[in-house]
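> Attaching a single structure in structure tokens format; questions to follow.
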Amino acid sequence: MSAEYSVGTFRSEPAIMAAMTDYILLLVALLGATVRARGDLVAEDLLLRQQLAVLTRPTCKRPRLCAHDRLFWTMARMVRRDRRRHPTLVTPETVVRWHRRGWRLFWRWRSHARAAQPRPSAEVRELIAHIARRTRPGAPSASAAICSS
């Protein structure tokens, strides 16, 4: 290996290791898919087709589950106990709406007034405003003005 192609020139070693780990996991998943029973693949295909049928119904708003859709999913959950394989009906707009709502809640929580530090009194606020008016650009700092008065 020549000097211009040394390790770390293009990518860091952790990034290369992460990419290799992803490829290994992909290969393991592919091998697992080839070994899976035909019944599992047919059941997964049936569930995905039913979900696609619900999502492609002509409607102005989001698709609603009918009574026979709910019956189908109830029966599927009774027959197949592994809940993690059953897809849930969620549109991309729903995910974006959840994400936005979460960020709104986070920033509301993050920016609410903290009770830990009390608000300065009117006298202190007036003093700060007076010093700010007196101090011009390039003049000594406000702390120097406080010390001199």
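The values are calculated or read from the model by the stated rules, or taken from the named source; none is laboratory data. Everything numeric here is computed off the predicted structure, so don't read it as measured data. FYI the Cβ positions are ideal-geometry reconstructions off the backbone, even for glycines, and counts take in every protein chain you see.
> Residues being in a helix (DSSP H, G or I) and either in contact with a Pro (Cβ under 6 Å, 6 or more places away or on another chain) or surrounded by 10 or more Cβ atoms within 10 Å (Cβ to Cβ) (or both): count how many of those fall in region 34-46. Reasoning before the result, please.
Within region 34-46, the subset in a helix (DSSP H, G or I) is 34-35, 38-46.
After this cut, where a residue has to be either in contact with a Pro (Cβ under 6 Å, 6 or more places away or on another chain) or surrounded by 10 or more Cβ atoms within 10 Å (Cβ to Cβ) (or both) as well, the list is 40-46.
Of the residues in region 34-46, 7 are in a helix (DSSP H, G or I) and either in contact with a Pro (Cβ under 6 Å, 6 or more places away or on another chain) or surrounded by 10 or more Cβ atoms within 10 Å (Cβ to Cβ) (or both).
> Determine, yes or no, whether Asp82 is under 30 Å from Ala33 (Cβ atoms), out of contact with any Gly (no Cβ under 8 Å at 6 or more places or on another chain) and at pLDDT below 80. Talk me through it step by step, then tell me what you get.
Working: under 30 Å from Ala33 (Cβ atoms): yes; out of contact with any Gly (no Cβ under 8 Å at 6 or more places or on another chain): yes; at pLDDT below 80: yes.
Taking the combined requirement at face value, the residue satisfies it.
> Please specify each residue of region 5-31 satisfying the condition of being hydroxyl-bearing (Ser, Thr, Tyr), at pLDDT below 80 and surrounded by 10 or more Cβ atoms within 10 Å (Cβ to Cβ).
Result: Ser12, single match.
> Further question on the same structure: Looking at region 43-72, I want the residues that are under 17 Å from Thr91 (Cβ atoms) and have a partner that is basic (Lys, Arg) with Cβ atoms under 7 Å, at least 6 apart or on another chain. Which pairs are those?
Pro63/Arg57
> Of the residues that make up region 47-67, is at least one modelled with pLDDT under 75, surrounded by fewer than 10 Cβ atoms within 10 Å (Cβ to Cβ), in a helix (DSSP H, G or I) and among the aliphatic types (A, V, I, L, M)?
no
> Looking only at region 103-136, how many residues end up being at pLDDT 85 or above, small (Gly, Ala, Ser) and exposed (fewer than 10 other Cβ atoms within 10 Å of the Cβ)?
Final tally of qualifying residues: 2.
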